[in-house]
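The values are calculated or read from the model by the stated rules, or taken from the named source; none is laboratory data. Note that the coordinates shown come from a computational prediction; the quantities given were computed from them, not determined experimentally. FYI the Cβ positions are ideal-geometry reconstructions off the backbone, even for glycines, and counts take in every protein chain you see. All accessible areas refer to the heavy atoms of the entire protein, side chains included, with ligands and DNA or RNA removed. Shrake-Rupley method; radii C 1.70, N 1.55, O 1.52, S 1.80 Å.
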Amino acid sequence: MIKIIIPETAPEKLLIEGCQNKNQLCIQYDNKRDFYNKGKMTFVFSTEIYGSTCVKAPLEAAHQKKCCYCESIFEATSYGEVEHYRPKGVISPKKKGRKIYPGYYWLAYDWDNLLYICKRCNRNKSYYFPLEDESKRARNHNEKIENELPLFVKPSVDNPLDHISFRQDAIFGLTEKGKTTIEYLKLDRTGLFESRRNCLEAFHAFINVAKITFNTAGNEELYHEAISNIRKRLLPSSEYSAMKWIFFNKFLSDPAFKDFTFDSLC
């Protein structure tokens, strides 16, 4: 997982239609508060607003065309989905826990609440949203989310590497937030583990070539080709780049990589 830089200015569709829809939802809640709190009435959200192309396109670009959680690249036949960091319709504070109504309905069209995610991670995340202290949860638009301490990493705000790391291709949590994110989104799932393993093996092969051919007469072209491939695979747009950077860090003291820095890739 890498840090995501979201454009500061929200798409116009969210600022106009999304704002109008939000105001309507807030009025509906205020008029039928008890019904919404008990789940007897639920909100209707417009996917044509938060899921529109003008919203998805800048999100996809900001996310480097990768899932913001598992870092899998979206293929031409597999599209990402707009994800609500704070669930909009209903919430569960933990697995097999009670459902809380309503969800964060007032954030359904909030630019800061939207991420880009793969279908598998989206399905795993579902409507779960655990907090450190459940008593501080904002239950409606009149309360402040700033009082909450979420237990899911938010890659557009948090530095994911403060919470999640890797041993080779095995992911693990550094903090409670990191551990919870891995558990709920199943970032250690078998298929994902295998993809990361294959990716790391190929990456390691280029590292070995660079080390072997460094300062070896007649192998200059092979060395530079290996370095070029390493750089490409460490770019933020590369699949599982966070894992590869962590793996590569232990080689940075090697003379073969003496001028290699993250800044050189930006």
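Convex hull volume of the Cα atoms in region 23-124, per residue, in Å³? Could the numbers behind the result be given before it?
Working: hull volume 11.2 nm³, N = 102.
Normalising the Cα hull of region 23-124 by residue number yields 110 Å³.
With a sphere of radius 9 Å drawn around the Cβ of Pro93, what net charge do the other residues whose Cβ falls strictly inside it have (Lys, Arg +1; Asp, Glu -1)?
Numbers: positive: Lys94, Arg98, Arg137; negative: Glu134.
Spelling it out: positives minus negatives among the neighbours equals +2.
Here are some pairs, Lys96/Lys250; Lys32/Lys94; Lys136/Lys250; which of them have Cα atoms lying more than 32 Å apart in this structure? From Lys96/Lys250; Lys32/Lys94; Lys136/Lys250, over 32 Å: Lys96/Lys250; Lys136/Lys250. Translational diffusion coefficient of region 156-266 (Stokes-Einstein, Kirkwood radius from Cα pairs, 10 °C, 1.306 mPa s): 105 µm²/s.
Over all directions, how big on average is the projection of the convex hull of the alpha-carbon atoms in region 140-212, in square nanometres?
Details: hull surface 26.8 nm².
Its Cα hull, projected and averaged over all orientations, spans 6.7 nm².
Applied to region 127-140, the Karplus parametrisation 6.51 cos²θ - 1.76 cosθ + 1.60 on θ = phi - 60° returns per-residue 3J(HN,Hα) values of 9, 6, 7, x, 10, 5, 10, 4, 5, 9, 5, 6, 9, 7 Hz, with x for Gly and Pro. Scanning residues 5 or more positions from Phe45 or on other chains, none has an amide H under 5 Å from its amide H, with H placed 1.01 Å from N in the peptide plane.
Taking θ as phi - 60° and the Karplus parameters 6.51, -1.76 and 1.60, the scalar couplings of region 155-166 work out to x, 8, 10, 7, 8, x, 6, 7, 10, 9, 9, 9 Hz in sequence order, x denoting glycine and proline.
The lysines within cross-link reach of Lys66, meaning a Cα-to-Cα straight distance under 20 Å and a gap of 8 or more places when in the same chain, are Lys3, Lys56, Lys119, Lys125, Lys154, Lys186, Lys232, Lys244. Computed over the alpha-carbon pairs of the chain, the distance histogram in 5 Å steps reads 1, 6, 12, 15, 16, 14, 11, 8, 6, 4, 3, 2, 1, 1, 0, 0 percent, short to long. In order along region 107-123, the Karplus-derived 3J(HN,Hα) couplings, from 6.51 cos²θ - 1.76 cosθ + 1.60 at θ = phi - 60°, round to 10, 4, 10, 7, 4, 6, 9, 9, 10, 10, 8, 7, 4, 5, 5, 5, 5 Hz, and Gly and Pro are given as x. By accessible area, using a 1.4 Å probe on protein heavy atoms only, the chain has 49% of its surface on carbon and sulfur. Excluding ligands, DNA and RNA, the accessible surface per residue across the chain is 52 Å² with a 1.4 Å probe.
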